[in-house]
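*Asks:* First the structure, which I've put down as structure tokens, then a few questions once you've had a look.
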Amino acid sequence: MRISTKGRYSLEAFLYMALLPEREYTSTKTIAERTNISDGYLEQLFIPLRKAGIIKGIRGPQGGYLPGKSLDQISVGDVLRAVEGPLEPVDCVNSQVCPIRESCVSRHTWSELYTAISKCVDSISMQDLVEAYQKMDQMEYAI
């Protein structure tokens, strides 16, 4: 399974918003400048994130975007599913219409992989990413 730029950029943009002081709206232009992701692409990514309630936006000169819920209530999986769609490695994992569903030798492997991926991305909250970033930012580097 490969996460596309939609998933990677959505996580990066969301992390930027999550690191701002609570309740501080920020524009896609500002996010674009800080993350080197195009403003137009961010606008496209934010459509499904808004629909999923992961971010909320307000229009106007003082408007912008901020997280739609508490950071500990939003998982990496929530963000990825909003922009990528289902995270199944193959289409037949959750399909009830597969003609060889009961006799498929590899279905169990794909199902186990899907379960592992889901558990992993659902166990990491955006709060976890913020804390990891802050710890990383505080480390002193020595050569």
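Bear in mind these aren't lab numbers, they're just calculated from the coordinates by the rules spelled out. Computed from a predicted structure; not experimentally measured. Every residue, glycine as well, gets a Cβ built from its backbone with ideal geometry; the counts of neighbours run over all protein chains shown.
*Asks:* Please give the length that would be gained between S38 and S123 if that part of the chain were fully extended, namely 0.36 nm times their separation in residues minus their C-alpha to C-alpha distance (nm, one decimal). Could the numbers behind the result be given before it?
*Replies:* Working: separation 85, 0.36 × 85 = 30.60 nm, distance 2.93 nm.
Result: 27.7 nm gained on full extension.
*Asks:* So for the stretch 5-138, taking the charge dipole from beta-carbon charges (+1 Lys/Arg, -1 Asp/Glu), which of Q134, W110, Y41 sits furthest toward the positive end?
*Replies:* In the stretch 5-138, that residue is Y41.
*Asks:* Then there is this: Could you pull the Rg and Dmax for the stretch 5-138, using just the Cα atoms, both in Å?
*Replies:* In order Rg, Dmax, the Cα atoms of the stretch 5-138 give 17.4, 59 Å.
*Asks:* Okay, moving on. R0 = 41 Å: FRET efficiency of S27 with S103, Cβ-based, nearest 0.05? Intermediate results must be reported in sequence, preceding the final value.
*Replies:* Values: r = 54 Å, r/R0 = 1.31.
Working from the Cβ atoms, E equals 0.15.
*Asks:* What nm distance separates the two modelled labels at R2 and Q73, each placed 7 Å from Cα along Cα→Cβ?
*Replies:* Simple spin-label model gives 3.6 nm for this pair.
*Asks:* Assuming a strict under-19 Å limit between Cα atoms, what lysine pair count do you get for the chain once near-sequence pairs (fewer than 8 apart, same chain) are dropped? Each step should come with its number before you reach the end.
*Replies:* Working: K6/K29; K6/K51; K6/K56; K29/K56; K51/K69; K56/K69.
Lysine pairs meeting both conditions in the chain amount to 6.
*Asks:* Quick check on the chain: helices-only [θ] at 222 nm, where DSSP H runs of length 4 and up contribute -39,500 (n - 2.57) each and the sum goes over total residues. Nearest 500, please.
*Replies:* Values: 6 runs with 75 residues, N = 143.
Only helices count here, giving -16500 deg cm²/dmol.
*Asks:* What Rg and what Dmax come out for the stretch 3-82 when only alpha-carbon atoms are used, in angstroms?
*Replies:* According to the Cα coordinates of the stretch 3-82, Rg and Dmax are 11.3, 34 Å.
*Asks:* Here's something else I'd like to know. Quick one: among S125, S106, S70, which has the greatest mean-square fluctuation in a GNM of the chain with alpha-carbon springs under 10 angstrom?
*Replies:* Greatest mean-square fluctuation among the candidates belongs to S106.
*Asks:* If you take the charge dipole of the stretch 5-138 about its Cα centre, with +1 on Lys and Arg Cβ and -1 on Asp and Glu Cβ, which of V79, G57, L19 is farthest toward its positive end?
*Replies:* Working it through, the farthest residue towards the positive pole turns out to be G57.
*Asks:* Using the Cα centre as the reference, give the magnitude of the dipole from point charges on the C-beta atoms of the chain (Lys, Arg: +1; Asp, Glu: -1; all else neutral), rounded to the nearest 20 debye. Present the calculation step by step, with values, prior to reporting the outcome.
*Replies:* Details: 16 positive and 18 negative charges, 91 e Å.
I would put it at about 440 debye.
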